[in-house]
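Structure record follows, encoded as structure tokens.
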Amino acid sequence: MPDNLTTDPEFILLPFPSSLHIHYILGVLFLLIYILTLAGNLLIMAIIKMDSHLHTPMYFFLVNLSFFDLFYSSVMVPKLVQILLAKRKTVFFSGCIIQIGLMFFIASSEAFLLSAMAYDRYSAICNPLVYVTVMNKQFCIFLACGSCLLGVINSLLNTLPLLRLHFCGPFLIHHYSCEMPELLPLSCTDLFLNKMILFTTLVVFGFGCFFPIMFSYTRIISAILKISSASGRSKAFSTCSSHVIVVTLFFVTGIGRYLSPATGSILEQVISLQYSTVTPLLNPIIYSLKNVEVRIAIKKIWEKKSILSHSY
């Protein structure tokens, strides 16, 4: 085993304590989930690209969300499948740094993007007369680029201090990936700086996104309740319900996981799977099934394809 002078120690991952046969079954299952995630998000992006009626700020942000989901799933799931199917379940510290950095970048960018989507729905429902003026193309691009920039900043703030750590053993990670809560306790270096940065960024970036979302939806619900017709209220709730589901799944599991100490329990791995694997799979399903405009666009494209196939 490497000693504390090793610059790139090798860690042993211990995912889902069970037999190798169960690991093989889980590996195939998560590979199927990854394929479905790719297919679903690519389908959403293609539909929005092909249907001109969906070229609005709401679907512009949805395309960006699908891209981040593809990216997040590609960072997490292939490595998970490899770990489950391989007999040697190891990862170098350099690999952990890369994975943690990408995870923080994608998760932070997606959090800011969800906040931008909440503001978009707030503007559309609470200020419909000035919606087109406020949510113009330039402002939407600014919000999307700003989300990426803040994601890079959060990633660097949390990743660079990891380079100062030394590890003296044991080199066992009771998880399927190198997540920060599992990696830090293995270090024999003083962790005060790392923990303070992690806590500060979670509070500033995490709750900094969460509270504007809650404010937007509080105003949205208040505006919806003032709508006189039941059909109008139902349509408004339907428009926003998918976003509420995504926000709840993403923030509750993500922030809750990183604010709690690592214990190596199977429950922690299940919670991590929720925001790293299940949510990217559910996003296209939620948006396609809960959104009337997307369903209509899918139907139109399918009918057009059927007409073209019959003409040949």
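Listed by chain and number, the aspartates and glutamates whose C-alpha is less than 20 Å from the C-alpha of residue 299, apart from same-chain residues fewer than 8 away, are 51.
Computed from Cα positions, the angle between helix 93-126 and the longest principal axis of the chain comes to roughly 20 degrees. Modelled spin labels at residue 199 and residue 43, positioned 7 Å past Cα toward Cβ, are 4.5 nm from each other.
Between residue 295 and residue 222, the simple spin-label model (points 7 angstrom out along Cα→Cβ) gives 3.2 nm. In this structure, the amide hydrogen of residue 167, modeled 1.01 Å from its nitrogen in the peptide plane, lies closer than 5 angstrom to those of 188, counting only residues at least 5 positions away or on a different chain.
Based on Cα atoms of segment 83-200, Rg over Rh with Rh as the Kirkwood radius reads 1.15.
FRET efficiency for the residue 234 to residue 32 pair, using the beta carbon distance and R₀ = 41 Å, is estimated at 0.70.
For the residue pairs 79/137; 226/304; 137/226; 49/89, alpha carbon separations beyond 32 Å are given by 79/137; 226/304; 49/89. Axis angle, to the nearest 10 degrees, between helix 20-50 and the longest C-alpha principal axis of the chain: 30 degrees. Cβ-Cβ distance of residue 12 and residue 130, R₀ of 51 Å, FRET efficiency by 1/(1 + (r/R0)^6): the value works out to about 0.35. Computed from the Cβ-Cβ distance with R0 of 30 Å, the FRET efficiency linking residue 168 to residue 270 stands at 0.50. Note on surface exposure: 105, 16 rank 105, 16 by accessible area, highest first, 1.4 Å probe. Using 0.36 nm per residue and subtracting the Cα-Cα separation, the extra length available between residue 188 and residue 74 on full extension is 37.9 nm. The average projected area of segment 153-208, computed from the convex hull of its Cα atoms over all directions, is 4.1 nm². Relative to the dominant Cα principal axis of the chain, helix 292-311 is inclined by about 80°.
The values are calculated or read from the model by the stated rules, or taken from the named source; none is laboratory data. In this text the structure is predicted, and so the values were computed from the model without any measurement. So basically every Cβ, Gly included, is an ideal-geometry build from the backbone, and we count neighbours across all protein chains shown. Quick note on the areas: whole protein, heavy atoms, side chains included, nothing else; ligands and nucleic acids left out. Shrake-Rupley method; radii C 1.70, N 1.55, O 1.52, S 1.80 Å.
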